[in-house]
Ligand code: AMP
Ligand code: MG
(Lines give C-alpha, C1' and ligand atoms only; values in the text may rest on other atoms or scores of the structure.)
(Ligands and ions follow the chains in the order given, each with its own letter.)
Protein backbone atom coordinates (compact mmCIF):
# COMPACT_ATOMS: atom_id res chain seq x y z
CA UNK A 1 0.00 0.00 0.00
CA UNK A 2 1.27 3.44 -0.75
CA UNK A 3 -0.02 6.51 0.94
CA UNK A 4 0.68 10.01 2.01
CA UNK A 5 3.70 10.58 4.20
CA UNK A 6 3.34 10.55 7.95
CA UNK A 7 2.13 13.89 9.18
CA UNK A 8 3.83 15.70 11.97
CA UNK A 9 1.67 14.41 14.78
CA UNK A 10 2.25 17.50 16.89
CA UNK A 11 1.74 15.41 20.02
CA UNK A 12 1.08 18.36 22.25
CA UNK A 13 -1.52 20.05 20.12
CA UNK A 14 -5.02 19.49 21.42
CA UNK A 15 -7.60 19.61 18.67
CA UNK A 16 -11.05 21.01 19.17
CA UNK A 17 -14.03 18.93 18.07
CA UNK A 18 -14.63 21.43 15.29
CA UNK A 19 -11.04 21.33 14.01
CA UNK A 20 -11.02 17.55 13.91
CA UNK A 21 -14.34 17.43 12.09
CA UNK A 22 -13.24 20.10 9.61
CA UNK A 23 -10.07 18.15 8.91
CA UNK A 24 -12.11 15.01 8.19
CA UNK A 25 -14.61 16.82 5.98
CA UNK A 26 -11.84 18.57 4.07
CA UNK A 27 -10.41 15.16 3.20
CA UNK A 28 -13.53 13.13 2.47
CA UNK A 29 -14.85 13.67 -1.07
CA UNK A 30 -18.19 12.49 -2.43
CA UNK A 31 -17.97 9.13 -4.15
CA UNK A 32 -18.00 8.96 -7.95
CA UNK A 33 -21.52 8.55 -9.34
CA UNK A 34 -22.64 5.19 -10.69
CA UNK A 35 -25.74 3.80 -12.39
CA UNK A 36 -27.90 1.88 -9.97
CA UNK A 37 -31.12 -0.07 -10.18
CA UNK A 38 -33.95 1.95 -8.72
CA UNK A 39 -34.29 0.14 -5.42
CA UNK A 40 -30.55 0.21 -4.83
CA UNK A 41 -30.66 3.98 -5.20
CA UNK A 42 -33.02 4.54 -2.28
CA UNK A 43 -31.58 7.28 -0.04
CA UNK A 44 -28.92 8.22 -2.59
CA UNK A 45 -28.31 11.62 -4.15
CA UNK A 46 -29.32 11.95 -7.79
CA UNK A 47 -26.56 13.45 -9.95
CA UNK A 48 -28.50 13.97 -13.18
CA UNK A 49 -31.55 16.00 -14.10
CA UNK A 50 -34.16 13.44 -15.07
CA UNK A 51 -36.37 14.46 -17.99
CA UNK A 52 -39.75 12.90 -18.59
CA UNK A 53 -39.62 10.81 -21.78
CA UNK A 54 -43.37 10.30 -21.99
CA UNK A 55 -46.33 12.19 -20.62
CA UNK A 56 -48.12 10.92 -17.55
CA UNK A 57 -50.77 9.74 -17.87
CA UNK A 58 -49.66 8.54 -21.31
CA UNK A 59 -53.29 8.64 -22.56
CA UNK A 60 -56.67 10.10 -21.50
CA UNK A 61 -58.14 7.61 -19.06
CA UNK A 62 -61.05 7.15 -16.72
CA UNK A 63 -60.79 7.98 -13.04
CA UNK A 64 -63.89 5.93 -12.23
CA UNK A 65 -65.53 2.66 -13.03
CA UNK A 66 -68.47 3.65 -15.21
CA UNK A 67 -69.53 4.26 -18.77
CA UNK A 68 -67.80 6.20 -21.51
CA UNK A 69 -70.42 8.16 -23.40
CA UNK A 70 -71.12 11.20 -25.55
CA UNK A 71 -72.16 14.35 -23.68
CA UNK A 72 -75.20 15.06 -25.87
CA UNK A 73 -76.62 11.59 -25.25
CA UNK A 74 -76.95 12.16 -21.50
CA UNK A 75 -77.83 15.87 -21.48
CA UNK A 76 -80.82 16.38 -19.21
CA UNK A 77 -80.79 12.79 -17.92
CA UNK A 78 -82.43 12.33 -14.52
CA UNK A 79 -83.79 9.62 -12.26
CA UNK A 80 -87.18 10.20 -13.75
CA UNK A 81 -86.02 10.43 -17.37
CA UNK A 82 -82.83 8.43 -17.66
CA UNK A 83 -80.90 8.28 -20.90
CA UNK A 84 -80.92 4.72 -22.12
CA UNK A 85 -77.84 3.81 -24.16
CA UNK A 86 -76.65 0.71 -25.94
CA UNK A 87 -73.64 -0.86 -24.32
CA UNK A 88 -71.23 -1.76 -27.09
CA UNK A 89 -68.38 -3.29 -25.08
CA UNK A 90 -65.90 -3.08 -22.30
CA UNK A 91 -62.72 -1.06 -21.88
CA UNK A 92 -60.47 -2.48 -19.20
CA UNK A 93 -57.15 -1.08 -17.94
CA UNK A 94 -54.35 -2.40 -20.07
CA UNK A 95 -56.57 -3.00 -23.06
CA UNK A 96 -55.04 -1.81 -26.30
CA UNK A 97 -58.00 -1.96 -28.65
CA UNK A 98 -61.10 0.03 -27.84
CA UNK A 99 -64.60 0.13 -29.26
CA UNK A 100 -65.73 3.31 -31.02
CA UNK A 101 -68.53 4.97 -29.10
CA UNK A 102 -71.12 6.36 -31.46
CA UNK A 103 -74.34 8.32 -30.81
CA UNK A 104 -76.66 6.50 -28.44
CA UNK A 105 -73.90 4.18 -27.32
CA UNK A 106 -71.86 3.59 -24.17
CA UNK A 107 -68.76 1.51 -23.40
CA UNK A 108 -68.35 0.11 -19.94
CA UNK A 109 -65.03 1.46 -18.67
CA UNK A 110 -62.80 0.60 -15.72
CA UNK A 111 -60.60 2.97 -13.70
CA UNK A 112 -57.35 3.67 -15.54
CA UNK A 113 -58.65 2.38 -18.89
CA UNK A 114 -58.19 4.59 -21.98
CA UNK A 115 -61.11 6.81 -22.97
CA UNK A 116 -62.33 5.10 -26.13
CA UNK A 117 -62.64 7.00 -29.40
CA UNK A 118 -65.93 8.80 -29.83
CA UNK A 119 -66.55 9.05 -26.07
CA UNK A 120 -66.41 12.52 -24.52
CA UNK A 121 -67.02 11.87 -20.86
CA UNK A 122 -67.40 9.19 -18.23
CA UNK A 123 -70.40 8.66 -16.00
CA UNK A 124 -69.63 6.74 -12.82
CA UNK A 125 -71.43 3.45 -12.44
CA UNK A 126 -73.25 4.96 -9.42
CA UNK A 127 -75.04 7.36 -11.79
CA UNK A 128 -76.46 4.47 -13.78
CA UNK A 129 -78.48 1.35 -13.26
CA UNK A 130 -75.22 -0.56 -13.70
CA UNK A 131 -76.37 -1.95 -17.02
CA UNK A 132 -79.12 -4.00 -15.38
CA UNK A 133 -80.99 -3.78 -18.62
CA UNK A 134 -78.52 -6.30 -20.00
CA UNK A 135 -78.38 -8.74 -17.09
CA UNK A 136 -75.71 -9.04 -14.39
CA UNK A 137 -72.69 -6.86 -15.12
CA UNK A 138 -70.31 -9.62 -14.16
CA UNK A 139 -71.58 -11.70 -17.04
CA UNK A 140 -70.30 -9.17 -19.57
CA UNK A 141 -67.25 -10.37 -21.39
CA UNK A 142 -64.24 -8.38 -20.24
CA UNK A 143 -61.78 -7.20 -22.88
CA UNK A 144 -64.43 -7.46 -25.45
CA UNK A 145 -64.93 -4.70 -27.92
CA UNK A 146 -67.44 -6.67 -29.87
CA UNK A 147 -71.16 -6.01 -29.61
CA UNK A 148 -71.57 -9.75 -29.01
CA UNK A 149 -70.15 -9.54 -25.48
CA UNK A 150 -72.08 -6.49 -24.44
CA UNK A 151 -75.44 -6.60 -25.95
CA UNK A 152 -77.35 -4.64 -23.40
CA UNK A 153 -78.44 -1.30 -22.29
CA UNK A 154 -77.56 1.07 -19.53
CA UNK A 155 -79.78 3.71 -18.02
CA UNK A 156 -77.90 6.88 -17.07
CA UNK A 157 -79.75 9.08 -14.61
CA UNK A 158 -77.45 12.07 -14.39
CA UNK A 159 -75.82 14.34 -16.96
CA UNK A 160 -72.06 14.95 -17.06
CA UNK A 161 -69.86 17.70 -18.49
CA UNK A 162 -67.37 16.91 -21.20
CA UNK A 163 -64.29 15.11 -19.83
CA UNK A 164 -65.83 14.51 -16.42
CA UNK A 165 -63.97 11.73 -14.59
CA UNK A 166 -61.30 11.79 -17.25
CA UNK A 167 -57.64 12.15 -16.36
CA UNK A 168 -56.07 14.07 -19.21
CA UNK A 169 -52.97 12.83 -20.93
CA UNK A 170 -50.00 14.76 -19.51
CA UNK A 171 -51.99 16.18 -16.58
CA UNK A 172 -49.36 14.77 -14.18
CA UNK A 173 -46.16 15.50 -16.11
CA UNK A 174 -45.53 16.21 -19.77
CA UNK A 175 -42.88 14.71 -22.01
CA UNK A 176 -39.85 16.99 -21.82
CA UNK A 177 -40.61 18.26 -18.30
CA UNK A 178 -37.95 17.85 -15.64
CA UNK A 179 -39.11 15.08 -13.34
CA UNK A 180 -36.32 15.35 -10.77
CA UNK A 181 -33.43 17.76 -10.38
CA UNK A 182 -29.84 16.72 -9.78
CA UNK A 183 -29.19 16.85 -6.06
CA UNK A 184 -32.53 15.29 -5.11
CA UNK A 185 -32.35 12.64 -2.42
CA UNK A 186 -34.24 9.62 -3.70
CA UNK A 187 -36.96 8.60 -1.26
CA UNK A 188 -39.83 6.22 -2.00
CA UNK A 189 -41.98 8.76 -3.95
CA UNK A 190 -39.01 9.76 -6.13
CA UNK A 191 -38.21 6.10 -6.81
CA UNK A 192 -41.89 5.67 -7.71
CA UNK A 193 -41.80 8.60 -10.12
CA UNK A 194 -38.70 7.22 -11.85
CA UNK A 195 -40.45 3.89 -12.28
CA UNK A 196 -43.63 5.63 -13.54
CA UNK A 197 -41.71 7.32 -16.34
CA UNK A 198 -40.06 4.05 -17.27
CA UNK A 199 -36.57 4.48 -15.81
CA UNK A 200 -34.94 1.24 -14.70
CA UNK A 201 -31.55 2.69 -13.78
CA UNK A 202 -30.55 6.00 -12.32
CA UNK A 203 -27.27 7.86 -11.85
CA UNK A 204 -26.51 8.57 -8.20
CA UNK A 205 -23.70 8.77 -5.72
CA UNK A 206 -23.59 5.30 -4.22
CA UNK A 207 -23.82 4.38 -0.59
CA UNK A 208 -20.33 4.23 0.85
CA UNK A 209 -18.99 0.85 1.89
CA UNK A 210 -17.89 1.19 5.46
CA UNK A 211 -15.80 -1.48 7.16
CA UNK A 212 -16.04 -1.54 10.95
CA UNK A 213 -13.33 -3.31 12.83
CA UNK A 214 -12.92 -3.55 16.58
CA UNK A 215 -9.70 -4.35 18.35
CA UNK A 216 -9.00 -5.95 21.70
CA UNK A 217 -7.75 -9.33 22.87
CA UNK A 218 -10.42 -9.29 25.57
CA UNK A 219 -13.27 -9.27 23.06
CA UNK A 220 -15.55 -12.21 22.43
CA UNK A 221 -18.26 -12.47 19.82
CA UNK A 222 -21.81 -12.43 21.28
CA UNK A 223 -23.22 -15.93 21.52
CA UNK A 224 -19.90 -17.43 22.59
CA UNK A 225 -18.71 -18.28 26.07
CA UNK A 226 -16.92 -15.65 28.16
CA UNK A 227 -13.76 -16.67 29.96
CA UNK A 228 -12.50 -14.68 32.94
CA UNK A 229 -11.37 -11.22 31.94
CA UNK A 230 -13.24 -11.26 28.65
CA UNK A 231 -16.12 -9.07 27.50
CA UNK A 232 -18.41 -9.15 24.51
CA UNK A 233 -17.53 -7.05 21.51
CA UNK A 234 -20.31 -4.48 21.37
CA UNK A 235 -18.62 -1.67 19.47
CA UNK A 236 -18.45 -3.41 16.14
CA UNK A 237 -22.17 -4.13 16.35
CA UNK A 238 -23.19 -0.67 17.48
CA UNK A 239 -21.06 1.06 14.87
CA UNK A 240 -21.96 -1.24 12.00
CA UNK A 241 -25.59 -0.61 12.83
CA UNK A 242 -24.92 3.12 13.10
CA UNK A 243 -23.16 3.11 9.73
CA UNK A 244 -26.14 1.39 8.10
CA UNK A 245 -28.43 3.83 9.81
CA UNK A 246 -26.36 6.68 8.38
CA UNK A 247 -26.86 5.31 4.87
CA UNK A 248 -23.76 3.20 4.38
CA UNK A 249 -23.35 -0.37 3.24
CA UNK A 250 -21.54 -1.50 6.35
CA UNK A 251 -19.42 -4.59 6.91
CA UNK A 252 -18.61 -5.74 10.41
CA UNK A 253 -15.25 -7.37 10.88
CA UNK A 254 -15.01 -9.45 14.03
CA UNK A 255 -12.74 -8.21 16.77
CA UNK A 256 -9.05 -8.30 15.94
CA UNK A 257 -6.65 -9.34 18.63
CA UNK A 258 -4.14 -6.83 19.99
CA UNK A 259 -1.39 -7.67 17.55
CA UNK A 260 -0.16 -4.93 15.23
CA UNK A 261 0.87 -7.30 12.45
CA UNK A 262 -2.45 -9.12 12.43
CA UNK A 263 -4.31 -5.83 12.54
CA UNK A 264 -2.29 -4.41 9.67
CA UNK A 265 -2.91 -7.50 7.58
CA UNK A 266 -6.62 -7.43 8.39
CA UNK A 267 -6.94 -3.79 7.43
CA UNK A 268 -5.04 -4.42 4.23
CA UNK A 269 -7.44 -7.25 3.37
CA UNK A 270 -10.44 -5.05 4.02
CA UNK A 271 -9.28 -2.14 1.87
CA UNK A 272 -10.63 -3.77 -1.27
CA UNK A 273 -14.22 -3.34 -0.10
CA UNK A 274 -13.93 -0.10 1.88
CA UNK A 275 -14.70 3.48 1.03
CA UNK A 276 -14.18 4.25 4.70
CA UNK A 277 -12.59 2.28 7.53
CA UNK A 278 -13.57 2.62 11.15
CA UNK A 279 -11.62 1.00 13.96
CA UNK A 280 -12.33 1.02 17.66
CA UNK A 281 -9.95 0.69 20.58
CA UNK A 282 -6.21 0.78 20.80
CA UNK A 283 -5.71 4.50 20.34
CA UNK A 284 -4.75 5.78 23.77
CA UNK A 285 -1.36 5.52 25.39
CA UNK A 286 -1.44 2.04 26.96
CA UNK A 287 0.88 -0.83 26.21
CA UNK A 288 -1.62 -2.58 23.97
CA UNK A 289 -2.70 0.35 21.89
CA UNK A 290 -2.47 -1.69 18.79
CA UNK A 291 -4.20 0.58 16.28
CA UNK A 292 -1.75 3.32 17.04
CA UNK A 293 1.12 0.90 16.77
CA UNK A 294 -0.09 -0.64 13.55
CA UNK A 295 -0.93 2.57 11.76
CA UNK A 296 1.40 5.15 13.18
CA UNK A 297 4.77 3.49 13.38
CA UNK A 298 5.09 2.71 9.72
CA UNK A 299 6.65 5.45 7.68
CA UNK A 300 7.60 3.32 4.70
CA UNK A 301 5.76 3.26 1.44
CA UNK A 302 3.72 0.14 0.75
CA UNK A 303 2.62 -0.02 4.33
CA UNK A 304 -0.77 0.73 5.76
CA UNK A 305 -1.15 3.63 8.01
CA UNK A 306 1.51 6.05 7.02
CA UNK A 307 -1.16 8.70 6.60
CA UNK A 308 -2.95 8.25 9.91
CA UNK A 309 -2.45 10.79 12.63
CA UNK A 310 -3.33 10.22 16.27
CA UNK A 311 -4.55 13.18 18.27
CA UNK A 312 -5.88 14.38 21.53
CA UNK A 313 -9.23 16.07 21.28
CA UNK A 314 -10.70 18.60 23.65
CA UNK A 315 -13.77 16.46 24.23
CA UNK A 316 -15.28 14.03 26.66
CA UNK A 317 -15.80 11.22 26.02
CA UNK A 318 -13.55 10.51 23.06
CA UNK A 319 -10.29 12.23 23.77
CA UNK A 320 -7.95 9.99 21.73
CA UNK A 321 -8.78 9.86 18.01
CA UNK A 322 -6.97 8.84 14.87
CA UNK A 323 -7.68 10.07 11.38
CA UNK A 324 -5.98 9.76 8.03
CA UNK A 325 -6.04 7.80 4.83
CA UNK A 326 -4.41 4.53 3.92
CA UNK A 327 -3.75 2.26 0.98
CA UNK A 328 -3.39 2.89 -2.73
CA UNK A 329 -6.73 4.69 -2.92
CA UNK A 330 -6.08 6.81 0.15
CA UNK A 331 -9.10 5.31 1.84
CA UNK A 332 -10.09 7.44 4.81
CA UNK A 333 -9.75 5.78 8.20
CA UNK A 334 -11.16 6.94 11.49
CA UNK A 335 -9.67 5.29 14.56
CA UNK A 336 -12.12 5.71 17.42
CA UNK A 337 -11.48 5.07 21.10
CA UNK A 338 -12.48 1.70 22.59
CA UNK A 339 -14.88 2.61 25.33
CA UNK A 340 -18.34 1.89 23.96
CA UNK A 341 -19.85 5.28 24.73
CA UNK A 342 -16.73 7.06 23.46
CA UNK A 343 -16.79 5.14 20.21
CA UNK A 344 -20.50 5.75 19.71
CA UNK A 345 -20.30 9.47 20.46
CA UNK A 346 -17.25 9.71 18.19
CA UNK A 347 -19.20 7.95 15.46
CA UNK A 348 -22.06 10.41 15.78
CA UNK A 349 -19.75 13.41 15.70
CA UNK A 350 -17.23 12.37 13.06
CA UNK A 351 -18.10 9.18 11.18
CA UNK A 352 -21.73 9.92 10.44
CA UNK A 353 -20.94 13.27 8.79
CA UNK A 354 -18.13 11.59 6.85
CA UNK A 355 -20.52 8.93 5.54
CA UNK A 356 -23.00 11.59 4.53
CA UNK A 357 -20.25 13.59 2.83
CA UNK A 358 -19.24 10.48 0.86
CA UNK A 359 -22.87 10.17 -0.25
CA UNK A 360 -22.79 13.75 -1.51
CA UNK A 361 -25.43 14.88 0.96
CA UNK A 362 -25.38 18.52 1.95
CA UNK A 363 -26.98 18.19 5.32
CA UNK A 364 -24.28 16.32 7.21
CA UNK A 365 -25.32 16.81 10.79
CA UNK A 366 -27.93 15.65 13.22
CA UNK A 367 -30.46 18.28 14.10
CA UNK A 368 -29.74 20.11 17.31
CA UNK A 369 -31.85 22.33 19.49
CA UNK A 370 -31.90 24.23 22.77
CA UNK A 371 -33.50 22.51 25.72
CA UNK A 372 -34.08 23.15 29.39
CA UNK A 373 -32.02 20.92 31.63
CA UNK A 374 -34.13 18.82 33.96
CA UNK A 375 -31.83 17.29 36.53
CA UNK A 376 -31.73 16.82 40.31
CA UNK A 377 -28.39 18.57 40.54
CA UNK A 378 -25.97 20.59 38.45
CA UNK A 379 -24.01 18.89 35.69
CA UNK A 380 -20.27 19.19 35.93
CA UNK A 381 -17.89 19.15 33.02
CA UNK A 382 -14.11 19.36 32.80
CA UNK A 383 -12.69 22.75 31.85
CA UNK A 384 -11.38 23.01 28.31
CA UNK A 385 -13.30 20.00 27.00
CA UNK A 386 -16.57 19.82 25.17
CA UNK A 387 -18.65 17.28 26.96
CA UNK A 388 -21.34 15.10 25.40
CA UNK A 389 -23.64 13.63 28.01
CA UNK A 390 -26.41 11.23 27.20
CA UNK A 391 -29.98 12.33 27.75
CA UNK A 392 -33.59 11.94 26.84
CA UNK A 393 -35.32 14.81 25.10
CA UNK A 394 -39.01 15.69 24.98
CA UNK A 395 -41.00 18.89 24.66
CA UNK A 396 -38.07 21.25 24.97
CA UNK A 397 -36.67 19.52 28.03
CA UNK A 398 -33.71 17.21 28.35
CA UNK A 399 -32.95 14.82 31.21
CA UNK A 400 -29.55 13.19 31.64
CA UNK A 401 -29.45 9.38 31.70
CA UNK A 402 -26.56 7.62 33.41
CA UNK A 403 -23.44 9.49 34.36
CA UNK A 404 -20.42 10.63 32.46
CA UNK A 405 -18.77 7.17 32.47
CA UNK A 406 -17.85 6.07 28.96
CA UNK A 407 -18.57 2.42 29.75
CA UNK A 408 -22.30 2.99 30.43
CA UNK A 409 -23.91 1.16 27.53
CA UNK A 410 -27.24 0.57 29.26
CA UNK A 411 -27.77 4.29 29.77
CA UNK A 412 -26.70 4.91 26.19
CA UNK A 413 -29.41 2.54 25.06
CA UNK A 414 -32.00 4.68 26.86
CA UNK A 415 -30.76 7.98 25.45
CA UNK A 416 -32.07 9.77 22.37
CA UNK A 417 -30.01 12.92 22.68
CA UNK A 418 -26.57 14.21 23.50
CA UNK A 419 -26.32 17.13 25.91
CA UNK A 420 -23.48 19.40 24.84
CA UNK A 421 -21.57 21.25 27.52
CA UNK A 422 -19.15 23.73 25.91
CA UNK A 423 -15.42 23.87 26.63
CA UNK A 424 -15.65 26.95 28.81
CA UNK A 425 -18.55 25.71 30.96
CA UNK A 426 -17.77 23.65 34.05
CA UNK A 427 -21.18 23.50 35.61
CA UNK A 428 -24.77 23.61 34.33
CA UNK A 429 -27.56 24.32 36.80
CA UNK A 430 -30.92 22.57 36.51
CA UNK A 431 -33.38 24.77 34.66
CA UNK A 432 -30.74 26.36 32.44
CA UNK A 433 -30.66 26.07 28.68
CA UNK A 434 -28.35 23.59 27.02
CA UNK A 435 -27.57 22.60 23.45
CA UNK A 436 -28.88 19.15 22.56
CA UNK A 437 -28.05 16.94 19.59
CA UNK A 438 -31.08 14.84 18.65
CA UNK A 439 -30.07 11.31 17.78
CA UNK A 440 -33.33 10.52 16.05
P1 AMP B 1 -9.01 0.50 24.54
O2 AMP B 1 -9.11 1.86 24.02
O3 AMP B 1 -8.75 -0.51 23.47
O4 AMP B 1 -8.04 0.40 25.67
O5 AMP B 1 -10.43 0.14 25.14
C6 AMP B 1 -10.97 0.93 26.17
C7 AMP B 1 -12.05 0.18 26.90
O8 AMP B 1 -13.10 -0.14 26.02
C9 AMP B 1 -11.61 -1.14 27.48
O10 AMP B 1 -12.26 -1.32 28.70
C11 AMP B 1 -12.06 -2.14 26.46
O12 AMP B 1 -12.27 -3.41 27.01
C13 AMP B 1 -13.37 -1.53 26.00
N14 AMP B 1 -13.62 -1.94 24.65
C15 AMP B 1 -12.75 -1.81 23.63
N16 AMP B 1 -13.28 -2.30 22.49
C17 AMP B 1 -14.52 -2.73 22.81
C18 AMP B 1 -15.54 -3.35 22.07
N19 AMP B 1 -15.40 -3.59 20.77
N20 AMP B 1 -16.69 -3.67 22.69
C21 AMP B 1 -16.83 -3.41 24.01
N22 AMP B 1 -15.90 -2.85 24.75
C23 AMP B 1 -14.73 -2.51 24.19
MG1 MG C 1 -8.05 -2.33 23.52
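The values are calculated or read from the model by the stated rules, or taken from the named source; none is laboratory data. Remember, predicted model here, so these are calculated numbers, not experimental data. Quick reminder, even Gly has a Cβ in these numbers, built from the backbone with ideal geometry, and neighbours come from all protein chains shown.
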Cβ pairs under 6 Å, 6+ apart, first in segment 226-243 and under 16 Å from residue 413 (Cα atoms), second within 13 Å of ligand 2 (Cβ to nearest atom) and assigned to a helix (DSSP H, G or I): 234/340; 235/340; 235/343
Qualifying residues in segment 274-295 (those that are touching a strand residue (DSSP E or B) at 6+ places or on another chain (Cβ under 6 Å) and more than 10 Å from ligand 2 (Cβ to nearest atom)) - the one farthest from residue 208 (Cα to Cα): 292
Subset of segment 28-42 (residues that are touching a strand residue (DSSP E or B) at 6+ places or on another chain (Cβ under 7 Å) and either buried (at least 16 other Cβ atoms within 10 Å of the Cβ) or in a loop (DSSP other than H, G, I, E, B) (or both)): 28, 30, 31, 33, 36, 38, 41
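Taking residue 328 as the residue in question, decide whether it is surrounded by fewer than 22 Cβ atoms within 10 Å (Cβ to Cβ), part of a loop (DSSP other than H, G, I, E, B) and outside the structural domain of residue 249 (by TED's automatic domain parsing). Even if it seems obvious, please write down each step before you answer.
Working: surrounded by fewer than 22 Cβ atoms within 10 Å (Cβ to Cβ): yes; part of a loop (DSSP other than H, G, I, E, B): yes; outside the structural domain of residue 249 (by TED's automatic domain parsing): no.
Criteria not met by residue 328.
Consider residue 4 carefully, then state whether it is at pLDDT below 95, in contact with a strand residue (DSSP E or B) (Cβ under 8 Å, 6 or more places away or on another chain), surrounded by 12 or more Cβ atoms within 10 Å (Cβ to Cβ) and on the phi < 0 side of the Ramachandran plot. Reasoning before the result, please.
On the way: at pLDDT below 95: yes; in contact with a strand residue (DSSP E or B) (Cβ under 8 Å, 6 or more places away or on another chain): yes; surrounded by 12 or more Cβ atoms within 10 Å (Cβ to Cβ): yes; on the phi < 0 side of the Ramachandran plot: yes.
Yes: the conditions hold for residue 4.
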Residue check for residue 271: within 16 Å of ligand 2 (Cβ to nearest atom) and either farther than 28 Å from residue 440 by Cα or within 29 Å of the chain's Cα centre (by Cα) (or both): no
Wholly within segment 67-127, strands (runs of 3 or more DSSP E) carrying at least 3 residues that are over 17 Å from residue 164 (Cα atoms): 83-91
Filtered residues of segment 373-398 (kept if without any contact (Cβ under 8 Å) to a residue 40 or more places away in the chain and crowded, with 19+ Cβ neighbours inside 10 Å): 389, 398
Residue count for segment 341-370, restricted to those that are over 19 Å from the mean Cα position of the chain (by Cα) and surrounded by fewer than 22 Cβ atoms within 10 Å (Cβ to Cβ): 3
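Table: residues versus (1) at pLDDT 95 or above; (2) under 17 Å from the mean Cα position of the chain (by Cα).
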{"residue": "152", "(1), (2)": "no, no"}
{"residue": "157", "(1), (2)": "yes, no"}
{"residue": "165", "(1), (2)": "yes, no"}
{"residue": "171", "(1), (2)": "yes, no"}
{"residue": "176", "(1), (2)": "yes, no"}
{"residue": "182", "(1), (2)": "yes, yes"}
{"residue": "188", "(1), (2)": "yes, yes"}
{"residue": "192", "(1), (2)": "yes, yes"}
{"residue": "197", "(1), (2)": "yes, no"}
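Would you mind finding the one in 308, 298, 272, 278 that is assigned by TED's automatic domain parsing to the domain that holds residue 339, farther than 30 Å from residue 187 by Cβ and at pLDDT 95 or above? Walk me through it before giving the result.
On the way: 308 fails: at pLDDT 95 or above; 298 fails: at pLDDT 95 or above; 278 fails: farther than 30 Å from residue 187 by Cβ.
Sole residue among the options that is assigned by TED's automatic domain parsing to the domain that holds residue 339, farther than 30 Å from residue 187 by Cβ and at pLDDT 95 or above: 272.
What strands (runs of 3 or more DSSP E), lying completely within segment 359-440, carry at least 2 residues that are within 16 Å of ligand 1 (Cβ to nearest atom)?
none
If you go through segment 399-408, how many residues are more than 16 Å from ligand 2 (Cβ to nearest atom) and surrounded by 14 or more Cβ atoms within 10 Å (Cβ to Cβ)? I'd like the intermediate steps shown before the answer.
Within segment 399-408, the first condition is being more than 16 Å from ligand 2 (Cβ to nearest atom), and the residues that meet it are 399-405, 408.
Then keep just the ones that are surrounded by 14 or more Cβ atoms within 10 Å (Cβ to Cβ); that gives 399-402, 404, 408.
Total meeting the criteria: 6.
Could you please find all residues in segment 187-196 being in a helix (DSSP H, G or I) and either closer than 30 Å to residue 290 by Cβ or out of contact with any helix residue (DSSP H, G or I) (no Cβ under 8 Å at 6 or more places or on another chain) (or both)?
Narrowing segment 187-196 to residues in a helix (DSSP H, G or I): 188-196.
Those that are in a helix (DSSP H, G or I) and either closer than 30 Å to residue 290 by Cβ or out of contact with any helix residue (DSSP H, G or I) (no Cβ under 8 Å at 6 or more places or on another chain) (or both): 188, 189, 190, 192, 193, 196.
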Every pair of residues 6+ apart whose Cβ atoms lie under 8 Å, when the first sits in segment 245-270 and is at positive phi while the second is surrounded by fewer than 19 Cβ atoms within 10 Å (Cβ to Cβ): 247/43
